[in-house]
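Take a look at the structure below.
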Amino acid sequence: MGYTFAEKIISKKSGCQVSAGEIAIVQVDLAMATDTTAPLTIQAFKEMGGVLVKKPARTVFVIDHATPAPNEKISNLQQLIRNFVLEQNLVLYDQGDGICHQLMVEEGHVRSGDLVLGADSHTCTYGAVGALATGVGSTDLGAVLLTGKSWLRVPESIKIVLTGELNRYVTAKDAVLAMAGKLTADGATYASLEFCGDGAAKLSIDDRMTIANMAIEMGAKNGVFTAAIEDEDLKPDPDAVYINEYHFNLAEIEPMLACPHQVDNVATVQAKAGMVIQQAFLGSCTNGRLTDLAIAAKILKGKKVAPGVRLLVAPASRKVLLEAMARNYIQELIRAGATILPPGCGPCVGTLGGIPADGDVVISTTNRNFKGRMGNNKAFVYLASPVTVAVAAVLGRIARPEEVIQ
Amino acid sequence: MSSINKAHVYGDDINTDLIIAGKYTKTLNMAELASHCFEDIDANFTTKIKPGDWIVAGRNFGCGSSREQAPLAIKHSGIQGVIAKSFARIFYRNAINVGLLLVVCNTDQITDLDEISVDLFNGSVIINKKLKIPCEKLSPIMQQILEEGGLVPYLCKRGDF
Ligand code: SF4
């Protein structure tokens, strides 16, 4: 009987052969925390009697969730993070550097075959580059800082076979929303998603990141693109055991939406065409990358954001912002009427600017539309691709891309 | 581990943003955190619960963010634990790590304000002193962490895994 990627990598990092359902103590290659989770991580580390962080060069803290700090309380918590980083010689990305998950990949912190624990649920994004990466809480991460280790239950695996190629103006975001609709918000709870097939192999790193990012929205522990697994010994065996298998033909994917207030409440853009919007957001660890800004700029170039619509754009990192400027994307977005926010999480989690008003309909490229997620529980958030967000910003309503793009 | 307290019943998919909104997470003050617990689902939550009460829910409790502020807010509100059909995995770990009890069982027959008594080690939930519902047992490592009172005391004592 063969093994899945999750079984192989956890066996390797624990030094014992384990299979799904077993518990293993693993060596953690890389640890990450953000300004939301690092203060409690530091507190837990100290309460555990921690003096020196075990693997400082591979411990990364990122100040991205509420930055620039909106008030003194948050500013002081961020200062606490900076002081700890200095004292322990850790890696820090500060205000304006970008979103943690973007930086971890862009700056090369994550390598194929790494086992990564991050105190942020979207840590699963790094499956795009062949890591086993999963989110944990602050106390778990404090324990990683102290011991360099953690305990993991070896997850069962679900195989997601992707074939075909996405049509023009249909994106990886539409594909992952279709998957969430099919698997549901808890259809993959505790499981590892293995994305494979020729369709998956052809997707760019950016597209893979968008898809792996949303593995958690189906309840998964992690999601990995098997094409990104470099170590032959970690590739899943042909006779590995899966608890389920799904097939998606990318050529059949339509522009999709997740309607309020649940990611699996999906509909086609066609079905919701005409819905009037007040705010549009382009950004986040799901869709704030150069390819996302490029497609939005292409759609908005020479046009204007519809009256009554606020378009917010937050590039995923400083590098993304600089490159988007070099290619004139940012200028085109600004001319069209967009408000550019500093690289970071922006309005995604409702901790900073861009809080919608009561009754606002928001279309957003983020990954979560829970009630209250963007800071107002009386707003209605639709999740969509950068194409659909840009089109809605121009028309002031949800519409298929053909209405704007000839 | 046995006690008798009341149930406060909610539905499926109670996510971490509903448990504690992102805007309230930026604090190390637990009383302040707890004062906003469940604010967006039940504005009366913090006034109606008594120390030792239980939250009872359906499927996928705690889905969403990795914020440990979610189980911490529940714990510091005075709630003893959460009984649900299933939990999202990060929430599940976080709750055990901070010493919040979690019970997985079929909650269909539990109604609001029922009296709850939990016997985790024998694996049962008793409703109104009559109905006994079997519940799942914790894995040995989680049981040890919970017995120590959470991951901090666990590692203080052992220094390592
Ligand atoms: S962009 Fe949103 S989902 Fe991504 S890390 Fe930031 S807050 Fe979390």
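In the set B:58, B:99, which member is within 14 Å of another protein chain (Cβ to nearest Cβ) and under 12 Å from the mean Cα position of the chain (by Cα)?
Only one candidate passes the filter, namely B:99.
Of everything in the range A:347-406, what is among the hydroxyl-bearing types (Ser, Thr, Tyr) and either over 27 Å from residue A:71 (Cα atoms) or open to solvent by 20 Å² or more (accessible area, probe 1.4 Å) (or both)? Give them in sequence order.
A:382, A:385, A:388 - these are the residues of the range A:347-406 that are among the hydroxyl-bearing types (Ser, Thr, Tyr) and either over 27 Å from residue A:71 (Cα atoms) or open to solvent by 20 Å² or more (accessible area, probe 1.4 Å) (or both).
Here is a yes/no grid of residues against (1) open to solvent by 50 Å² or more (accessible area, probe 1.4 Å); (2) under 20 Å from residue A:33 (Cβ atoms); (3) in contact with a Pro (Cβ under 7 Å, 6 or more places away or on another chain):
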site	(1), (2), (3)
B:15	no, no, no
B:46	yes, no, no
B:51	yes, no, no
B:65	no, yes, no
- Any residue in the range B:116-132 that is within 14 Å of another protein chain (Cβ to nearest Cβ) and open to solvent by less than 60 Å² (accessible area, probe 1.4 Å)? no
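Residue-by-condition table, conditions (1) surrounded by fewer than 16 Cβ atoms within 10 Å (Cβ to Cβ); (2) farther than 24 Å from residue A:146 by Cβ; (3) more than 14 Å from chain B (Cβ to nearest Cβ):
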{"position": "A:60", "(1), (2), (3)": "no, no, yes"}
{"position": "A:71", "(1), (2), (3)": "yes, yes, no"}
{"position": "A:74", "(1), (2), (3)": "no, yes, no"}
{"position": "A:90", "(1), (2), (3)": "no, no, yes"}
{"position": "A:105", "(1), (2), (3)": "no, yes, yes"}
- Query: When you go through A:143, A:172, A:131 one by one, which is the residue that is in the same structural domain as residue A:240 (by TED's automatic domain parsing), within 16 Å of the ligand (Cβ to nearest atom) and of a type outside the set (Lys, Arg)?
  - Reply: A:172
- If you go through the range A:13-23 one residue at a time, do you hit one that is out of contact with any Asp or Glu (no Cβ under 7 Å at 6 or more places or on another chain), acidic (Asp, Glu) and either free of Cβ contacts under 8 Å to residues at least 12 places away in the same chain or open to solvent by less than 20 Å² (accessible area, probe 1.4 Å) (or both)? no
- Note on the structure: Note on residue A:166: of the conditions (1) more than 17 Å from residue A:367 (Cβ to Cβ); (2) open to solvent by 10 Å² or more (accessible area, probe 1.4 Å); (3) at the interface with chain B (Cβ under 8 Å from one of its Cβ atoms), unmet is (3)
- Message: Suppose the filter is open to solvent by 10 Å² or more (accessible area, probe 1.4 Å), away from the ligand (no atom under 16 Å from the Cβ), more than 30 Å from residue A:155 (Cβ to Cβ) and modelled with pLDDT of 95 or more; does residue A:271 pass it?
- Response: yes
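Each row is one residue, and each column tells you yes or no for (1) part of a helix (DSSP H, G or I); (2) within 14 Å of another protein chain (Cβ to nearest Cβ).
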site: A:108; (1), (2): no, no
site: A:122; (1), (2): yes, yes
site: A:127; (1), (2): yes, no
site: A:133; (1), (2): no, yes
site: A:159; (1), (2): no, no
site: A:174; (1), (2): yes, no
site: A:185; (1), (2): no, yes
- Breaking point among (1) closer than 20 Å to residue A:186 by Cβ; (2) free of Cβ contacts under 8 Å to residues at least 24 places away in the same chain; (3) more than 14 Å from every other protein chain (Cβ to nearest Cβ), for residue B:47: (1)
- Task: Any residue in the range A:55-75 that's in a helix (DSSP H, G or I): show its pairings with residues that are more than 15 Å from the ligand (Cβ to nearest atom) and open to solvent by 60 Å² or more (accessible area, probe 1.4 Å) at Cβ separation under 7 Å, as long as the two are six or more apart or on different chains.
- Result: A:56/A:89
- Test: residue in the range A:324-331 that is within 23 Å of residue A:104 (Cα to Cα), touching a residue at least 24 places away in the same chain (Cβ under 8 Å) and over 18 Å from the mean Cα position of the chain (by Cα): yes
- Query: Looking at (1) within 16 Å of the ligand (Cβ to nearest atom); (2) out of contact with any helix residue (DSSP H, G or I) (no Cβ under 7 Å at 6 or more places or on another chain); (3) assigned to a loop (DSSP other than H, G, I, E, B); (4) not charged (D, E, K, R), can you tell me which one residue A:351 breaks?
  - Reply: (2)
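The values are calculated or read from the model by the stated rules, or taken from the named source; none is laboratory data. Keep in mind it's a predicted model, so treat the numbers as computed, not measured. So basically every Cβ, Gly included, is an ideal-geometry build from the backbone, and we count neighbours across all protein chains shown. When the accessible area is computed, the model is the full protein with side chains, heavy atoms only, and any ligands, DNA or RNA have been set aside. Shrake-Rupley method; radii C 1.70, N 1.55, O 1.52, S 1.80 Å.
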